[in-house]
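To start, I am sharing the structure in question, which I have written as structure tokens.
The values are calculated or read from the model by the stated rules, or taken from the named source; none is laboratory data. From a predicted model like this one, the values you see are computed outputs, not experimental measurements. Note that each Cβ is placed from the backbone with ideal geometry, even for glycine, and that neighbours are counted across all protein chains shown. Side chains included, ligands, DNA and RNA excluded: accessible areas come from the protein's heavy atoms. Shrake-Rupley method; radii C 1.70, N 1.55, O 1.52, S 1.80 Å.
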Amino acid sequence: MTPRFSIIIPAFNAAATLARAIESVRAQSWPVHEIIIVDDGSTDATAEVARQFGEMVRLIQQPNSGVSVARNTGAAVATGEWLAFLDADDWYTNDRIKLHAEWIMEDPMLDFLTGDYEYRDTTGGLLGTSMAQHQSGQLMLAKAAGSVRVVMETPAELTSFVADHFGDTHTLSVPRALFIELGGYPTGFKVCEDVHFLTRLVAKSRRIGVVCANHGVYFIHHTSATRKNPVDALHENLRTLIDLEQLARKFPPPIRQGIKQRMQSARYNLACALIRNKQHSAAVRAILPLLISNPGWQSLRIVLSIIKG
């Protein structure tokens with residue numbers, strides 16, 4: 001069966017970039033089933049930009065509710081068997097959907113697919129690629145040994161991916177039925193909602209298709225709220241992971257181990273940011289729970305390093 005892809009683009013005050021994102025979907029070498037734009041309460045001309053594409057896109061408008069709700073709204077009305085997502089300020093490469101669709105037709109036992117992408121600054125300058133910058137990506141590139149396709153399936157691979165994943169929301173292809181079964185993206189979180197969903201998705205999967213090719217461009221905005229307020233962002237990141245950690249009790253051991261490793265990194269990064277912000281007591285409070293959640297010499301060394309400042 002030929003897979004039909006619904007592309008969901010959440011958009012909030014994205015009038016300046018939305019057309020480029022839509023055009024990148026229209027330019028796909030594998031025609032998509034539908035393009036769904038979810039205008040999340042924009043106050044600019046986002047809706048007008050979407051309407052310029054006429055029947056080529058389906059526009060849904062809702063009160064501002066956050067990116068998770070917007071993605072979930074798009075998934076709820078989608079009619080394709082497979083979902084793919086794209087943020088309104090990013091774009092796909094021309095073969096992004098084809099790379100996944102052809103493999104799905106050849107191997108219907110794949111639970112979901114992901115792959116590589118480029119980081120670029122707002123001037124278009126290349127900053128790097130996702131798989132090369134993450135240990136989990138390096139692991140899969142080594143396994144692929146030059147092949148474009150590689151399957152992630154061993155416990156070590158899954159743990160590494162959960163601990164520090166490569167790829168992103170716009171490299172993800174997931175069956176709509178599985179997305180709905182998992183409840184979609186979590187609401188009520190400002191940061192790390194994509195990791196929350198991805199980890200739950202991995203916990204339900206046995207064979208994950210990894211395409212070692214560029215799927216698109218992710219723009220780094222140095223003026224974003226996350227980068228301007230790193231301590232607040234790291235607090236929010238930790239809050240999301242704590243919620244995920246509660247769910248992890250039912251997950252397979254490799255997934256639980258990956259969450260432990262990600263939590264350790266999150267607490268350490270927050271503590272370091274608090275130290276730089278001259279909040280030493282807060283840094284110690286942030287790191288101490290490691291001794292309970294992940295007891296051992298490594299955690300003790302991390303805690304002592306933060307106490308010493």
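Mind checking the full-extension length gain between HIS221 and THR129? Use 0.36 nm per residue of separation minus the Cα-Cα distance, one decimal, nm. Before the final figure, lay out the partial values.
Values: separation 92, 0.36 × 92 = 33.12 nm, distance 1.60 nm.
Here the segment from HIS221 to THR129 would lengthen by 31.5 nm.
Measure out, as a whole number of angstrom, how far apart the alpha-carbon centroids of the range 67-129 and the range 1-62 sit.
Result: 13 Å between the Cα centres.
For a Förster distance of 51 Å, can you work out the FRET efficiency between the beta-carbons of GLU55 and ILE292, rounded to the nearest 0.05? Numbers along the way, then the final one.
Working: r = 56 Å, r/R0 = 1.10.
Given R0 = 51 Å and the Cβ-Cβ separation, E is 0.35.
Considering only protein heavy atoms, with the full assembly of protein chains and a 1.4 angstrom probe, order TRP91, TRP297 by accessible area, largest first.
Numbers: TRP91 70, TRP297 185 Å².
From most accessible down to least: TRP297, TRP91.
Taking only Cα atoms of the range 38-115, what ratio of Rg to Rh do you get with Rh as the Kirkwood inverse-distance radius? Mind dumping the intermediate values first?
Details: Rg = 14.7 Å, Rh = 14.6 Å.
Ratio value, two decimals: 1.01.
Could you tell me the largest-minus-smallest coordinate of the C-alpha atoms of the range 1-64 on each of the three principal axes, in descending order and whole angstroms?
41, 20, 16
Let me ask another. Suppose R0 equals 25 Å. What FRET efficiency, 1/(1 + (r/R0)^6) with r the Cβ-Cβ distance, do GLU153 and TRP30 give to the nearest 0.05?
0.50
According to the Kirkwood expression over distinct Cα-Cα pairs, how big is the hydrodynamic radius of the range 32-75, in Å? Spell out each step's value before the answer.
Details: mean 1/r = 0.0932 Å⁻¹.
Hydrodynamic radius (Kirkwood, Cα pairs) of the range 32-75 is 10.7 Å.
Here's a follow-up. Tally Lys and Arg at +1 and Asp and Glu at -1 over the other residues with C-beta under 11 Å from the C-beta of SER68: what net charge comes out?
Working: positive: ARG71, LYS190; negative: ASP40, GLU193, ASP194.
It works out to a net charge of -1.
Further question on the same structure: Most mobile of SER147, SER24, SER265 per a Gaussian network model of the chain (Cα springs, under 10 Å)?
SER147
Using a 10 angstrom cutoff on alpha carbons, build the Gaussian network for the chain and name the most mobile of THR73, THR154, THR93.
Fluctuation is largest for THR154.
Excluding GLY309 itself, what net charge comes from residues whose Cβ is under 11 Å from its Cβ, given Lys and Arg +1 and Asp and Glu -1? Write out the running numbers ahead of the final one.
Details: positive: ARG276, LYS278, LYS308; negative: none.
So the environment of GLY309 carries a net charge of +3.
Taking just the alpha carbons, could you work out the radius of gyration and Dmax for the range 77-146, both in angstroms?
Looking at the range 77-146, its Cα Rg and Dmax stand at 14.4, 40 Å.
Please compute the length gained on full extension between ARG206 and VAL77, using 0.36 nm multiplied by the number of residues separating them and subtracting their Cα-Cα distance.
Details: separation 129, 0.36 × 129 = 46.44 nm, distance 2.73 nm.
Gain on stretching ARG206 to VAL77: 43.7 nm.
For the chain, calculate the relative contact order in percent as a whole number, restricting contacts to Cα pairs under 8 Å that are 6 or more residues apart. Display every interim value, and only then the final one.
Values: 576 pairs, mean separation 54.8, N = 309.
With pairs under 8 Å counted, the relative contact order is 18 percent.
Pick from TYR117, TYR92, TYR268 the residue whose mean-square fluctuation is largest in a GNM of the chain, springs joining Cα atoms under 10 Å.
So, out of TYR117, TYR92, TYR268, the one fluctuating most is TYR268.
For the range 207-309, what number results from the quotient of the Cα radius of gyration and 2.2 N^0.38 Å?
1.26
Just order 3-12, 199-208 by mean Cβ neighbour count inside 10 Å, highest at the front, would you? Provide the component values of the computation, followed by the final result.
Values: 3-12: 24.0, 199-208: 18.5.
Answer by packing, highest mean first, reads 3-12, 199-208.
If you wrap a convex hull around the C-alpha atoms of the range 149-282 and split its volume per residue, what is the figure in Å³?
Numbers: hull volume 16.8 nm³, N = 134.
Dividing the Cα hull volume of the range 149-282 by its residues yields 125 Å³.
A further question follows. Would you rank MET56, MET140, MET1 by solvent-accessible area, highest first, keeping every protein chain in place and using a 1.4 Å probe?
Details: MET56 90, MET140 0, MET1 180 Å².
Ranking MET56, MET140, MET1 by accessible area, largest first, yields MET1, MET56, MET140.
Nearest 500 deg cm²/dmol is fine: what mean residue ellipticity at 222 nm does the chain get from its DSSP H runs of n ≥ 4 alone, each adding -39,500 (n - 2.57), divided by its residue count?
Working: 15 runs with 148 residues, N = 309.
When only DSSP H runs of four or more count, the value is -14000 deg cm²/dmol.
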